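Here is the structure we will look at.
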Amino acid sequence: MDTPFSALGLSDALAFAVQEMGYVNPTPIQSQAIPVVLKGGDVIGSAQTGTGKTAAFALPIIQRLGQHGRLRCLVLEPTRELALQVEEAFQKFAKFTDLRVTIVYGGVGYGKQTDDLRRGVDILAATPGRLLDHLEQGNCTLDQVDVLVLDEVDRMLDMGFLPDVRKIVQKCPRERQTLFFSATLPAELEQLASWALRDPVKVEIGRQRSPAETVSHAFYPVVASQKFDLLQLLLERTEFKSVIIFSRTRMGADRIAHRLKHSGHTVGVLHSDRNQRERIEALEGFRSGKYEVLVATDIAARGLDIAGVSHVINYDVPENPEDYVHRIGRTGRAQNTGDAFTLVTEDDVRDARSIERFMGIGVERKKVEGFPYIYSALFDDKVLAETAAAAAKPASRLHRGARR
């Protein structure tokens, strides 16, 4: 039976596995990347979170590998959460095959990982540091890797992993297929791509510069000393199903979570200083509804699959405008509506303007009725008008249907 996925060249077994997971039609990156990967070509894929990127490389790789053999596919990810997510996707897609999939990452013991590697795997998802440890200990080799996937490479650059990534690439055979996925391609990554890939096909899915139409978002000016009080009032007055609160720092996330727990909220915390057990528990607790609030750093802004988030609150304005779009994109997914609130202090005005310039729209400023605001120049009509002046007409159009 022909399906939109089998029309791309995928086998009936894979197309059926995809159908079982609820996929109906390929996304743009899947339509463009799958045929290229099936033919063995190198790919530079530029696409945002939520575009179906993992399936775009996982499905054709599974088909190319065929049967169980030796370690032939390595997928490098910048964080443990992303590696776990990719491994889970490969397991589901490969359910009708005898291919073995496993994962290695830091923050946990070596025992099970070493056993899995020595038993023999076909597909390995890994974070760079822990993989290098296993290679040095002789638990695995990369000398028969046919397909190397470097995923979320701009995040690896941000996290300082590029030297480790280069070491790992050098341990793979020169004759291989390399797939390179990154939301952005700064100059340093262009150099890495030109070194690691051969005649790659570029697959670019438009850079996401604005939130989905299903997301209503606004800036809430407030002086720094009143930020937490305003956060509490917003939570009290908002009917939310689940909310992610983004902090710029790990210490800040811990501080917010502690105060919210003291106020009676059920809270999970997600940042890179938490150990793996704590991070998995926080994510699973949030997904299951055990925690109504997840306080996180930008580790949760990209890549992680968290469905059903009704609200996002930026306790701190992100320094990178693109992170704003990623953060508030955690809500309003799968055609559901969502709301995003951003607390803006005097120190954040420049970053707030950068966000508006990046999106090409002004963002509405709101005040909460009955809140005892301390006076700030942020509330002067002239300042408000200036800070919202990036693109007044598009802004009014965007918010015309926004839920109040």
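The table below gives the values:
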quantity: Segment 76-138: chymotrypsin sites (Phe, Trp or Tyr not before Pro) falling in loop per DSSP and having at most 16 other Cβ within 10 Å; calculated: PHE96, TYR110
quantity: 10 Å Cβ shell holding at most 14 others, DSSP loop, GluC sites (Glu not before Pro): longest site-free stretch of the chain; calculated: 1-174
quantity: Percentage relative contact order, segment 6-204, counting C-alpha pairs under 8 Å, at least six apart; calculated: 28
quantity: Value of relative contact order over segment 210-301, rounded to a whole percent, pairs C-alpha under 8 Å and six or more apart; calculated: 32
quantity: GLY45 long-range amide H proximity, modeled H, under 5 Å; calculated: PHE180, PHE181, SER182, VAL203
quantity: Proximal lysines to LYS261, defined as alpha-carbon separation beneath 28 angstrom and excluding residues fewer than eight positions away on the same chain; calculated: LYS227, LYS241, LYS290, LYS366, LYS367
quantity: Label-to-label distance, nm, for residues given as GLU175 and ILE280 (7 Å Cα→Cβ offset); calculated: 3.9
quantity: Alpha-carbon centroid distance for the pair segment 64-126 / segment 246-308, whole angstrom; calculated: 26
quantity: Selected from LEU131, LEU270, LEU234 as most flexible by GNM, with the chain as the system and alpha-carbon contacts under 10 Å; calculated: LEU234
quantity: The chain, relative contact order in percent, only Cα pairs under 8 angstrom and at least six apart counted; calculated: 16
quantity: Sparse-neighbour loop sites [trypsin sites (Lys or Arg not before Pro); segment 111-206; at most 16 other C-beta within 10 Å; DSSP]; calculated: LYS171, ARG174, ARG198
quantity: Angle between the chain longest axis and helix 276-288 axis [Cα atoms, degrees, rounded to 10]; calculated: 70
quantity: Gyration tensor (alpha-carbon) shape descriptor, segment 6-204, a/c threshold 1.5; calculated: oblate
quantity: Partner lysines for LYS92 [C-alpha distance under 24 Å; skip if fewer than 8 residues away on the same chain]; calculated: LYS39, LYS53, LYS112
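Where a number appears in this text, it was derived from the coordinates with a stated rule and is not lab data. Owing to the predicted nature of the structure, the values given are computational and were not obtained by experimental measurement. Virtual Cβ from ideal backbone geometry, glycine too; neighbours counted across all protein chains shown.
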